[in-house]
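Here the structure comes first, spelled out in structure tokens, and everything after it is commentary.
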Amino acid sequence: MRLLVALLALILTAIGGPARAADRVVSLNLCTDQMLVLLAPERIAALSTLARDPTLSFVAEQAERFPTVRASAEAVLRLRPDLVLGTRFGARTTLALLERQGVEVVRTDLPQDFPAIRDWIRLLAERLRQVERGEALIAAMDAELVGSVGQATHPPNAVAMQPRGYTSGPGSLMDAVLRAAELANASGGRRMSAETLLRHPPDILVLPVAPAHPSLATAMLRTPAFAAIPTRYYRPAWTICAGPFTGRAVEALRR
């Protein structure tokens, strides 16, 4: 984790004068926001408004220094971007309108495991002409994953529970995190009540760190009835979007 933070600090302090006209990049998705900050902050014309939310964004503090924009074609066009980053399933109408106006748009799928994270970083790093930075981010992530080699013969059963009792099933990013931390995903991805969890308690309960402003949706996760189940915590900003920082969740769950 220290290596990743150091890399981010080095990239941000390297920002010089204004970016060239051909380097103006807008991101309209939280996940691409974070990668743009990590890979090419000197080319940022604007990020989505979620980039500054510390409960969701790994780069919230750094994002404070950059403009934000709504996912509106009119608002984005006023920024005169040369490139807009988005995902295949978000802001579809806006991205289509931007393409009609001649703006280059890159839509990406969101990775759900660590090999896909590496591929995603490389794809964006190549498009942003920051291949070396991309490889450095991958190296930092892999350093946090050292030891995640699946050597446990009988890994502990774990349930990663979200607000309202939702769990993370096979093929999800959290499932990849659990496996990398040598935990067996025991949830199957189904919604689980507190009663069900207590009738069939896992070896380890995996929970997000409590939000600063709890709600009824998150109250279930803090019930005293779960106190007897060994619990490990991770920060939601590490897993809401996949990225080189997702290795930090693995590191936290190994403890």
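Among the residues of the range 46-98, those identified as outside any loop (DSSP other than H, G, I, E, B) and within 18 Å of the chain's Cα centre (by Cα) are L47, T49, L50, A51, R52, A60, E61, Q62, A63, L85, G86, T87. A Cβ distance below 7 Å, combined with a sequence gap of six or more or placement on separate chains, defines the contacts here; from the range 72-90, residues that are closer than 20 Å to D23 by Cβ reach residues that are part of a strand (DSSP E or B) and among the basic types (K, R) in the pairs G86/R107. Mind checking which residues of the range 36-45 are under 19 Å from G134 (Cβ atoms) and either outside the structural domain of T94 (by TED's automatic domain parsing) or not in a helix (DSSP H, G or I) (or both)? Selection gives A40, I44. In the range 7-25 there is at least one residue matching the filter, namely being buried (at least 23 other Cβ atoms within 10 Å of the Cβ), touching a Leu at 6+ places or on another chain (Cβ under 8 Å) and either part of a helix (DSSP H, G or I) or modelled with pLDDT of 95 or more (or both). Screening G102 with (1) closer than 18 Å to V26 by Cβ; (2) within 23 Å of the chain's Cα centre (by Cα); (3) not aliphatic (A, V, I, L, M) gives one miss only, at (2).
The residue that is surrounded by the fewest Cβ atoms within 10 Å (Cβ to Cβ), counting only those in the range 176-193 that are out of contact with any Phe, Trp or Tyr (no Cβ under 9 Å at 6 or more places or on another chain) and in contact (Cβ under 8 Å) with a residue 60 or more places away in the chain, is E182.
Considering (1) out of contact with any strand residue (DSSP E or B) (no Cβ under 7 Å at 6 or more places or on another chain); (2) surrounded by 14 or more Cβ atoms within 10 Å (Cβ to Cβ); (3) assigned to a helix (DSSP H, G or I), the lone condition that G169 does not fulfil carries the number (3). Can you pull out the residues in the range 110-127 that are in contact with a strand residue (DSSP E or B) (Cβ under 7 Å, 6 or more places away or on another chain) and in a loop (DSSP other than H, G, I, E, B)? Across the range 110-127, the qualifying residue is only L110. Only one of (1) surrounded by 15 or more Cβ atoms within 10 Å (Cβ to Cβ); (2) of a type outside the set (S, T, Y); (3) under 20 Å from V37 (Cα atoms); (4) out of contact with any strand residue (DSSP E or B) (no Cβ under 8 Å at 6 or more places or on another chain) fails for V131. Which number is that? In the conditions (1) surrounded by 15 or more Cβ atoms within 10 Å (Cβ to Cβ); (2) of a type outside the set (S, T, Y); (3) under 20 Å from V37 (Cα atoms); (4) out of contact with any strand residue (DSSP E or B) (no Cβ under 8 Å at 6 or more places or on another chain), V131 misses (1) alone. Within the range 47-65, the set of residues being among the charged types (D, E, K, R) and either buried (at least 16 other Cβ atoms within 10 Å of the Cβ) or in contact with a Gly (Cβ under 8 Å, 6 or more places away or on another chain) (or both) comprises R52 only.
Per-residue answers, yes or no, for (1) surrounded by 18 or more Cβ atoms within 10 Å (Cβ to Cβ); (2) under 24 Å from S27 (Cα atoms):
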site	(1), (2)
E126	no, yes
A140	yes, yes
A143	no, no
A158	yes, no
G165	no, no
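Of all residues in the range 30-44, none satisfies being of a type in the set (S, T, Y), modelled with pLDDT of 95 or more, surrounded by 14 or more Cβ atoms within 10 Å (Cβ to Cβ) and over 24 Å from L145 (Cα atoms).
The values are calculated or read from the model by the stated rules, or taken from the named source; none is laboratory data. The structure presented is a predicted model; accordingly, all values stated were derived computationally and were not measured. Don't worry about glycine lacking a Cβ; one is built from the backbone with ideal geometry, like all the others, and counts go over all protein chains shown.
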